[in-house]
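Peer 1: Please read through the structure below; I'll follow up with questions.
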Amino acid sequence: MNVTALDWGIIAAFFIISLAIGLFTAKSAGSSAKEFFLSGRNMPWWLLGVSMVATTFSADTPNLVTDLVRKNGVAGNWAWWAFLLTGMLTVFVYAKLWRRSEATTDLEFYEMRYSGKGAAFLRGFRALYLGLFFNVVIMATVSLAAIKIGGVMLGLEPYETLLIASIVTVLYSSLGGLKGVLLTDFFQFFIAMIGSFGAAYYILDLPEIGSLSNLLSHEVVSTKLNFLPDFSDPNIYIPLFIMPIAIQWWATWYPGAEPGGGGYIAQRMLSAKDEKNAIGATLFFNIAHYALRPWPWILIALASLVIYPNISDLQAAFPNIPVDKLGDDLAYSAMLTYLPTGLIGIVLASLIAAVMSTLSTHLNWGSSYIVNDFYLRFMKPEASDKELVAVGRISTVLLMVLSAFLALAMSSALDAFEILLQIGAGTGLIFILRWFWWRINAYTEISAMAISFVVAIFFEVINPKVEWILIPENQAYLKLVYSVLITTVGWLAVTFLTQPEKDEILLSFYRKVTPAAFGWKKVLDRYPAEKQEQGQLPKEIGLMLTGTVMVYSALFSTGFFIYGNTVPGIIAAVIALAGGFVIISSWKNLR
């Protein structure tokens, strides 16, 4: 690939600006732990929303989309499109509850909602389990995408790519804290969007492609354009559509799409100026993430089927790529090698931005768990703010080093995506209900976490080796069904076999966040003086469904227009606009 001085200049300028932002915010970020991890709880919705979008626009995201499209067509994207339901539930039900909690991290929730050793164990264990183990796995998938991009587009060795990508990211993340991450995300978001749209536009004009109409009519591509899978074959439509839309979105835990909100999404909501800004940030994020961004990736993935129809074609074109890194996800980077001078620099900068924005968020988020929910809570409660910031900066470096080593051992982002879904299967419903059902206790969550992990190990490690319980490959989706069923039955049994939390803990939590009283009635009835806040839960669920229809309609309207189907495109656009009008009309009354 011919990367010229102009391209390198664009990339260098990008690195310099990103580092300058970290240096600019270093002083304020170092003033206190809350400033380092929450930016003083004074962030506006638009900055938080853009940061959420930038974080989820990781370099491995277009690779994952390319993998899905090449294997299962456009309909394969339901594996992640279904999480819109989770996102809209967070917007209209949970965003304001998180902001009211005034926690520093979402793990503080455990010692607000639960008590005793169970609550302390949950907070400490999940600080390491999520902040260290899960977080390192996610960052490794991002780093893996960087390795593939560096190998295909620049001919770099894996370790060279990781050194280049990580040094600047660690510097501005450790110096600038969350504010540095947010401001850098804002800058990186626009670079990333310009790069993805510019790349798609140029690739469609390649001689091998000809035009958009030629691409869509190509014999390899034309069979992969449907938004929905083939409903004549249950082995296709059940795993591709039914499972994600019926079970996956509420039953599984996945970073960035946690049922009830959590992780770095909760961190953004907790750093918002107020509840309305928390709601606005998550609404913008879900609109941009699902309706604005996917089509450039999808079009490039479809174009790759024309130029590199098989993995063997990718191998022949890029013989320097290690065999264990070859896969359908490599096709996205392969297509970008066709870009001209200047645009190459912008696209490379956009991909670097995608890597860095995700890594920086995960570094700050994971570090917040290690510092606030492990070091401060269990190791040194008397630690000063200066010491906490120092520990945060050290843990930032450590997380990056661990994820880099793991990335060198991985081969596919899709494999990691599916494993993480499997590990969290069955726990999602707890995260939805724990705000509204008094009976859930610390042992509910501990048992669900343990059972889901054991079940995941069984299906991923033991099951393939035991013939009499082997699940057929074309029914692999049954693993998720069984996992959710076993885990849910397990944690429900534990819930009813253990004592509920003490009334004073439940009332303290209820007064703090004031959720709808439906599931708290049995406790509140014992205290006649307590106000039973009825809330707006039915209206909020209605707005969640309205928002879901709105975003899907906008997504598919764009697709219809791209396909040249004008009438369906107009109808879908009208539905999206109607949904937007309903949400705007209801905005003032949200409380």
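Peer 1: Would you confirm, using the coordinates I've provided, whether L376 is in a helix (DSSP H, G or I), of a type in the set (A, V, I, L, M) and surrounded by fewer than 21 Cβ atoms within 10 Å (Cβ to Cβ)?
Peer 2: Yes, satisfied.
Peer 1: Only one residue in A281, A266 is over 30 Å from L478 (Cα atoms), modelled with pLDDT under 90, in the same structural domain as F36 (by TED's automatic domain parsing) and not in a loop (DSSP other than H, G, I, E, B). Which one?
Peer 2: Every option except A266 fails the conditions.
Peer 1: Output the qualifying pairs, or none if there are none: Cβ atoms under 7 angstrom, residues six or more apart or on different chains, first residue in the range 216-228 and in the same structural domain as G564 (by TED's automatic domain parsing), second residue of a type outside the set (S, T, Y).
Peer 2: Correct list of pairs: empty, since none qualify.
Peer 1: Follow-up. Pull up the range 523-548, narrow it to residues that are over 36 Å from the mean Cα position of the chain (by Cα) and basic (K, R), then point me to the one that is nearest to V93 (Cα to Cα).
Peer 2: Only one residue tops the list, namely K531.
Peer 1: Could you list all residues from the range 564-574 that are surrounded by 17 or more Cβ atoms within 10 Å (Cβ to Cβ) and either in contact with a Gly (Cβ under 9 Å, 6 or more places away or on another chain) or within 19 Å of L85 (Cα to Cα) (or both)?
Peer 2: The answer is G569, A572.
Peer 1: Across the range 184-216, what is the number of residues that are more than 30 Å from G22 (Cα to Cα) and touching a Leu at 6+ places or on another chain (Cβ under 7 Å)?
Peer 2: Total satisfying the criteria: 8.
Peer 1: I352 versus (1) surrounded by fewer than 24 Cβ atoms within 10 Å (Cβ to Cβ); (2) at pLDDT below 85; (3) closer than 27 Å to F14 by Cα: which is the lone unmet condition?
Peer 2: Here I352 clears every test but (1).
Peer 1: For the range 436-448, give me each residue that is in a helix (DSSP H, G or I) and either in contact (Cβ under 8 Å) with a residue 60 or more places away in the chain or over 15 Å from Y110 (Cα atoms) (or both).
Peer 2: Those that are in a helix (DSSP H, G or I) and either in contact (Cβ under 8 Å) with a residue 60 or more places away in the chain or over 15 Å from Y110 (Cα atoms) (or both): A442, Y443, E445, I446.
Peer 1: Got a number for residues in the range 190-222 being surrounded by 15 or more Cβ atoms within 10 Å (Cβ to Cβ), in a loop (DSSP other than H, G, I, E, B) and among the hydrophobic types (A, V, I, L, M, F, W, C)?
Peer 2: Of the residues in that region, 3 qualify.
Peer 1: Looking only at the range 480-530, which residues are closer than 21 Å to Y114 by Cα and part of a loop (DSSP other than H, G, I, E, B)?
Peer 2: Across the range 480-530, the qualifying residues are T498, Q499, P500, E501, K502, T514, P515, A516, D525, R526, Y527, E530.
Peer 1: Give the range 282-297 a look and list any residue that's more than 16 Å from A354 (Cβ to Cβ) and crowded, with 21+ Cβ neighbours inside 10 Å, or say none.
Peer 2: Within the range 282-297, T282, L283, N286, I287, Y290 meet the criteria.
Peer 1: Filter the range 520-552 down to the residues that are within 25 Å of K276 (Cβ to Cβ) and among the small types (G, A, S), then identify the one that is surrounded by the fewest Cβ atoms within 10 Å (Cβ to Cβ).
Peer 2: Only one residue fits best here, namely G542.
Peer 1: Another question, then. Just to be sure I understand, how many residues within the range 223-238 are of a type outside the set (A, V, I, L, M), assigned to a helix (DSSP H, G or I) and either over 19 Å from M335 (Cα atoms) or out of contact with any helix residue (DSSP H, G or I) (no Cβ under 9 Å at 6 or more places or on another chain) (or both)?
Peer 2: Count: 4.
Peer 1: Additional query: Considering (1) buried (at least 22 other Cβ atoms within 10 Å of the Cβ); (2) closer than 30 Å to L23 by Cα, say which one L240 fails and leave the rest.
Peer 2: Checking L240 against (1) buried (at least 22 other Cβ atoms within 10 Å of the Cβ); (2) closer than 30 Å to L23 by Cα, the one that fails is (2).
Peer 1: Could you figure out which of (1) within 18 Å of A272 (Cα to Cα); (2) without any contact (Cβ under 8 Å) to a residue 60 or more places away in the chain isn't true of L48?
Peer 2: (2)
Peer 1: Exactly one condition in (1) buried (at least 23 other Cβ atoms within 10 Å of the Cβ); (2) in contact with a strand residue (DSSP E or B) (Cβ under 8 Å, 6 or more places away or on another chain) is false for R41; which is it?
Peer 2: Here R41 meets the rest and fails (1).
Peer 1: Based on this model, can you work out whether G49 counts as surrounded by 21 or more Cβ atoms within 10 Å (Cβ to Cβ), at pLDDT 90 or above and closer than 30 Å to L215 by Cβ?
Peer 2: Against the criterion (surrounded by 21 or more Cβ atoms within 10 Å (Cβ to Cβ), at pLDDT 90 or above and closer than 30 Å to L215 by Cβ), G49 does not qualify.
Peer 1: Among the numbered criteria (1) farther than 25 Å from I430 by Cβ; (2) touching a residue at least 24 places away in the same chain (Cβ under 8 Å), which single criterion is violated by Q267?
Peer 2: Condition (1) is where Q267 drops out.
Peer 1: Could you identify the single residue in S101, S39 that is under 30 Å from Y375 (Cα atoms) and at pLDDT below 90?
Peer 2: Selected residue: S39, the only one of S101, S39 that is under 30 Å from Y375 (Cα atoms) and at pLDDT below 90.
Peer 1: Out of the range 147-167, which residues are closer than 30 Å to E35 by Cα and buried (at least 20 other Cβ atoms within 10 Å of the Cβ)?
Peer 2: Residues satisfying the conditions are L162, A165, S166.
Peer 1: Answer yes if at least one residue in the range 168-189 is under 27 Å from F318 (Cα atoms), assigned to a helix (DSSP H, G or I) and aliphatic (A, V, I, L, M), and no otherwise.
Peer 2: Among the residues of the range 168-189, not one is under 27 Å from F318 (Cα atoms), assigned to a helix (DSSP H, G or I) and aliphatic (A, V, I, L, M), which makes the answer no.
The values are calculated or read from the model by the stated rules, or taken from the named source; none is laboratory data. Only a predicted model underlies this, so the values are computations on that prediction, with no experimental measurement involved. Backbone-built Cβ (ideal geometry, glycine too); neighbour counts: all protein chains shown.
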